[in-house]
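The values are calculated or read from the model by the stated rules, or taken from the named source; none is laboratory data. From a predicted model like this one, the values you see are computed outputs, not experimental measurements. Glycine gets a Cβ as well: all are built from the backbone with ideal geometry, and neighbour counts include every protein chain shown.
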Amino acid sequence: MSGRFLGSHPADAGGPVMAVRRAAAAQMQALQLFTALPTYYNEKVRIKPDRAAKFREALDAGGIVPARVLVHGAYVLNTASPEEEKSARAKAGLARELERSTALGVGACCFHPGSAGDGDPLEACDRVGDAIRHALETVPESESGTRVLIENTAGAGRTMGRSAAEIARMLARVPRELRHRTGYGLDSCHLFASGHDIASSAEAQRAVLDSFEHVIGERPRFFHLNDSKHPFASNKDRHALIGEGEIGLEPFRWLLADPRTEGISLVLETPHERDEVAEEDASADPFDVKMMVLLATLLPAAP
């Protein structure tokens, strides 16, 4: 390999252990999963020790390092919301996401910041940062060093996190002594959809990544590798298979050659061929296999 760790978000039917087995079946080195249904707040869902042990056994059997596993936070968590009840539930929900991720011993949990609604966008960024702080203060740091990572957004409506400046403001709310436990990641579809030019040339793409690194003060901790069903600057978050959307194939070759993709999880969130999977089915989705083979051809040669 070239130091790039490729994976996907396999079907979650049957729970985290089955997701790991499906990733291993496609020979992935990384993966993403949910720890609970993403359409609920899941305040009462916890990971029992025996379940965590089986998860780590599955990772070991599949040859996947726990640090290369991402947990994706529930979609309903709107930590940017000006509505007090929604904001409070999202803050508590994010802490639970970190608690479950820490129990599994994975590298990080990532989440969408949410929408400012009718509120002030700067105050919305501060609420997101405060939610991260609450999660880090609520869940003690473990040996796994599980991080909470902001994911950039496609910018639909008043969703926050579409720009480097917004993400930087969110992270600035985290106290210095906790800052090493957080960070951000970038989704290629979201970058493209929110008006960041990552597809016209390698130089333009590099400039976008340089800007995020300069403004936020650090490199991304993960990438989501997704083509886009909709045109540039559409603000629409609809993923396509790599090379079959509006971004095209070559920008992913440029991205995988960028040193910022080395040593971190690079995770597909592209469509699956199978809409439904039996809980006991550990086979890889054919589209996941197709994408893994394709991405392998785009990797830079190992030194």
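Looking only at segment 17-26, decide whether some residue is within 19 Å of Pro300 (Cα to Cα), out of contact with any His (no Cβ under 7 Å at 6 or more places or on another chain) and crowded, with 20+ Cβ neighbours inside 10 Å.
no
Restricting attention to segment 56-96, and to residues there that are basic (Lys, Arg) and either closer than 20 Å to Ser265 by Cβ or touching a residue at least 12 places away in the same chain (Cβ under 8 Å) (or both), which single residue is surrounded by the fewest Cβ atoms within 10 Å (Cβ to Cβ)?
This residue is Arg56.
Considering each residue of segment 212-240, count those that are touching a helix residue (DSSP H, G or I) at 6+ places or on another chain (Cβ under 8 Å), of a type in the set (D, E, K, R) and not in a strand (DSSP E or B), and give that number.
Total meeting the criteria: 5.
Look at Gly217 and say whether it is touching a residue at least 60 places away in the same chain (Cβ under 8 Å) and either touching a His at 6+ places or on another chain (Cβ under 6 Å) or of a type outside the set (D, E, K, R) (or both).
When the stated conditions are applied, Gly217 does not pass them.
Any residue in segment 251-271 that's within 16 Å of Leu241 (Cα to Cα) and of a type in the set (Phe, Trp, Tyr): show its pairings with residues that are modelled with pLDDT of 95 or more and assigned to a helix (DSSP H, G or I) at Cβ separation under 7 Å, as long as the two are six or more apart or on different chains.
Once the first residue is within 16 Å of Leu241 (Cα to Cα) and of a type in the set (Phe, Trp, Tyr) and sits in segment 251-271, its partners that are modelled with pLDDT of 95 or more and assigned to a helix (DSSP H, G or I) give Phe252/Leu298.
Taking the criterion of being within 27 Å of Ala116 (Cβ to Cβ), surrounded by fewer than 20 Cβ atoms within 10 Å (Cβ to Cβ) and under 17 Å from the mean Cα position of the chain (by Cα), would at least one residue in segment 238-248 satisfy it?
yes
Restricting attention to segment 112-171, report how many residues are outside any loop (DSSP other than H, G, I, E, B), in contact (Cβ under 8 Å) with a residue 60 or more places away in the chain and farther than 20 Å from Thr102 by Cβ.
Count: 1.
What is the number of the single condition among (1) out of contact with any strand residue (DSSP E or B) (no Cβ under 9 Å at 6 or more places or on another chain); (2) in a helix (DSSP H, G or I); (3) farther than 24 Å from Leu171 by Cα that Asn42 does not meet?
(2)
Taking into account only those residues within segment 220-233 that are in contact (Cβ under 8 Å) with a residue 60 or more places away in the chain and under 17 Å from Ser194 (Cα atoms), which is farthest from the chain's Cα centre (by Cα)?
Leu225
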